Each structure stands twice: as structure tokens, then as C-alpha cells.
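Colleague: Please see the structure below; I have some questions.
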Amino acid sequence: MRTKFNIIPVTICCTMLWACGCKKSTPVVSSDTEADYTQVSPAFDADSAYHYVQQQVDFGARIPNSPAHKACGDYLVAQLKTFGATVSEQKTILTAYDGTKINARNIIGSFLPDKKERVLLFAHWDSRPFSDHDANPDKHREPVLGANDGASGVGVLLEIARQLGKLSPQIGIDIIFFDAEDYGEATFAQDIPDGDWWCLGSQYWGKNTHVAGYQARFGILLDMVGAPDATFYKEGISREYAPYVIEKVWRTAHRLGYGKYFVDANGGYITDDHLYVNKFAKVPSIDIIQQDANTRTGFGHYWHTTKDDMSNISKETLKAVGQTVMEVVYKEK
């Protein structure tokens, strides 16, 4: 995203630092306990989710126009169909900030497509062409493997899709894997033309939804949801567009015992796919995304570097996020 590396505005920086500092000494604990809360969703299988992350990474960097990108896209389509989803694709040519023509591919899997009441779950499946935040400048033009930044969110959603295929919720669910999210301008680029160069796939979908007049109760974006001991704060754009969804998700996480991940404090503003789902499609959506006030970028130290590999993926974190999102979905009536 354009502001991914500038997500902690001065006005809230102290809040972020305070929240992180308190978490280290006194983890956030819900007033509800696991003993007095009855889970309604199936058990989220973290081993399975981890496997789906690994499968994507095994293709290599999923950069648009590359063989790895095409192969992984075919894999995602096949998996969704295996789980019983009605699958459609948006294939279009988008233009990147540097004039590159991107053969983009948004992949949509719908469960219970005839249900009027729906929830939207989404993540981006492409990986970044440039490791422009790597400590070694010689690596800035190398691609990012994107284990956490991309594959983790998709892996969690694939496991949710597998569970949806086994036990239907009471409402319809749409899972979208957005393309061309991470092809935004490189830090070394010059003479960049004006424009919104991040999240190109979700911008396209927001203006051309796969169903005319598409509506959903709310949407949840998963981005960078696999790191060990990840901290998810209440992201700024999410608070503006969908505060009740933020509270619904964070309250559910605490009731399930995942308060140490879903920190009860406000985070920074991040331009991510949810912005354009909110802005163009008018689906009130939030972003579950790792924020780290202890790094210069506000994200993990490996973000947009050659080190974004499977060493940054924790089954425990995948479980916390996946179980929380599933619980929210299965509680909808």
C-alpha cells in the first residue's frame, strides 16, 4: 500500500507505543473467559492453513505476468472448486505506476450464492516485485516471496473455505483473492505520475463488482496475519468506515482467548484493499493487519524484503485469526 510504511501518524503514535508496551508486561485479557463462552464455529485447522501458505510460497514470488503467478492462480481456483465454491474470475489488464501492463486476475469463490445476506472475506494473493525495504540496497530490485505479506491471508481463507464446504453457515460467504495489490511504486522510482498505484485489483473490483449491485453486510480483509506473536490493532480506515465490525471481531477474539493478538487499542491508518471495497463498493470493511510500533516501517522487520519467507509464519497466529473470523461468520444469522 502507498502508506504501508507510514502507518503511525504523529497523533496516534503515543497510543500505539503505549499499547505495545503494556502488552509486553500485561497481556490484554478479555472480561469473558473461554469457560463461559461457547464456540459455535468448527475448529480451525492451523496445520492445514500453514500447508496452504507453504503451497503458495513453493510457487515462488507470485508477481503478475510471471509463470509462478499463473500457476498459483490456477491452484487457488482449483482449491476453491474442490471446497464446493462457485468460482468466477475477473481477468483484466491494469497499468502499474511505471507503465507496466499487468495481466491481473481477481479470483472469487462464493458459498451459498443464492443467499441474499452475505459476508465478504478477502486477501491479496500477489507478491511484491521489489524488495525495496531490504537492508541491502543491492537486493532492492529482487522480488518478495511474500509468505506473510500475501500468502498468510490467503492460506487462512483457504482453510476457512475448506470448513465452509463441510459445514454451511446460515448466510452466504464470498471469498475474494485480489490481484495486483503490491505493485505500488518502488522507493527507488523517480518521476512517478499522480495516481492510486496500490491495490489495483481491489480498485478494479470495487468499480466492477462480480455481481452487479453487489451487497454484503460487511467485509473482513486479512493481510499479514501469520507472524509469530503478531499484534493486530484497530486500524484507522476500518474505524472510520466500519467501527461496529471492528468491535464485533475484536470482541469475538477476546471471548475466544486471543486478546494478546487482537489488542484493544487504536492503530494507524493503512491504505489497503479494504479502502477501495469501502470507497467504491460501499461494503463496510475492516483490515486485520499486523502493526509493529517497534520497527521503522510499522510492520515486521522482513516487510518488503527478501526475508519474507516461511520463517515468519506461526501456526498459533494463523489459528487465532482463522478461528476468530470463522466464529464471526458462523454467528451471523
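The values are calculated or read from the model by the stated rules, or taken from the named source; none is laboratory data. Keep in mind it's a predicted model, so treat the numbers as computed, not measured. Using ideal geometry, Cβ is built from the backbone for each residue, glycine included, and neighbour counts are taken over all protein chains shown. In case anyone asks, the SASA skips ligands and DNA or RNA and just uses the protein heavy atoms, side chains included. Shrake-Rupley method; radii C 1.70, N 1.55, O 1.52, S 1.80 Å.
Colleague: Around PHE299, which amide H atoms from residues at least 5 apart in sequence, or from another chain, sit under 5 Å from its own amide H, with H modelled in the peptide plane?
Modeller: Excluding prolines and chain starts, which carry no amide H, the hits are ASP292.
Colleague: Sticking with this structure for a sec: Longer than 19 Å from Cα to Cα, which of LYS70/LYS101; LYS101/LYS282; LYS115/LYS319 are they? Say none if no pair is.
Modeller: Details: LYS70/LYS101 15 Å; LYS101/LYS282 28 Å; LYS115/LYS319 28 Å.
From LYS70/LYS101; LYS101/LYS282; LYS115/LYS319, over 19 Å: LYS101/LYS282; LYS115/LYS319.
Colleague: Here's another thing I want to ask about it. What shape does segment 250-305 have by the C-alpha gyration tensor, where a ≥ b ≥ c are the square roots of the eigenvalues, rounded means a/c under 1.5, and otherwise prolate means a/b greater than b/c and oblate the rest?
Modeller: Taking the square roots of the gyration eigenvalues as a ≥ b ≥ c, segment 250-305 is oblate.
Colleague: Ok, one more. Please work out how much accessible surface THR324 shows to a 1.4 Å probe, ignoring ligands, DNA and RNA, in Å² rounded to 10.
Modeller: THR324 has an accessible surface of roughly 0 Å² with all protein chains in place.
Colleague: What distance in nm separates the simple spin-label points at ASP138 and THR95, each placed 7 Å from Cα in the Cβ direction?
Modeller: 3.7
Colleague: Once a ≥ b ≥ c are taken as the square roots of the eigenvalues of the Cα gyration tensor of segment 88-214, is the result rounded (a/c under 1.5), prolate (a/b larger than b/c) or oblate (a/b not larger than b/c)?
Modeller: oblate
Colleague: Could you work out the relative contact order of the chain, using alpha carbon pairs under 8 angstrom and six or more residues apart, expressed as a whole percent?
Modeller: 28
Colleague: At 1.4 Å probe size, with every protein chain present, just tell me what the per residue accessible area of the chain comes to in Å².
Modeller: 39
Colleague: Quantify, in whole percent, the carbon and sulfur part of the accessible surface of the chain (1.4 Å probe; protein heavy atoms only).
Modeller: Values: 6570 of 13080 Å².
Using a 1.4 Å probe with all protein chains present, the chain comes out at 50 percent carbon and sulfur.
Colleague: Mind checking segment 225-298 for trypsin sites (Lys or Arg not before Pro) that DSSP puts in a loop (not H, G, I, E or B) and that have at most 11 other Cβ atoms within 10 Å?
Modeller: Sparse-neighbourhood loop trypsin sites (Lys or Arg not before Pro): ARG296.
Colleague: 7 Å from Cα along Cα→Cβ at both ALA212 and THR86: what's the point-to-point distance in nm?
Modeller: Going by the 7 Å Cα→Cβ label model, 1.6 nm.
Colleague: Out of residues 5 or more away from PHE130 or on other chains, whose amide H comes under 5 Å of its own, with H placed 1.01 Å from N in the peptide plane?
Modeller: Those qualifying (amide H under 5 Å, at least 5 residues apart or on another chain) are VAL144.
Colleague: Give the shape of segment 180-333 as rounded, prolate or oblate, defined through the alpha-carbon gyration tensor: a ≥ b ≥ c are the square roots of its eigenvalues, a/c under 1.5 means rounded, and otherwise the shape is prolate if a/b is larger than b/c and oblate if not.
Modeller: Since a/c reaches 1.5 but b/c is at least a/b, the shape of segment 180-333 is classed as oblate.
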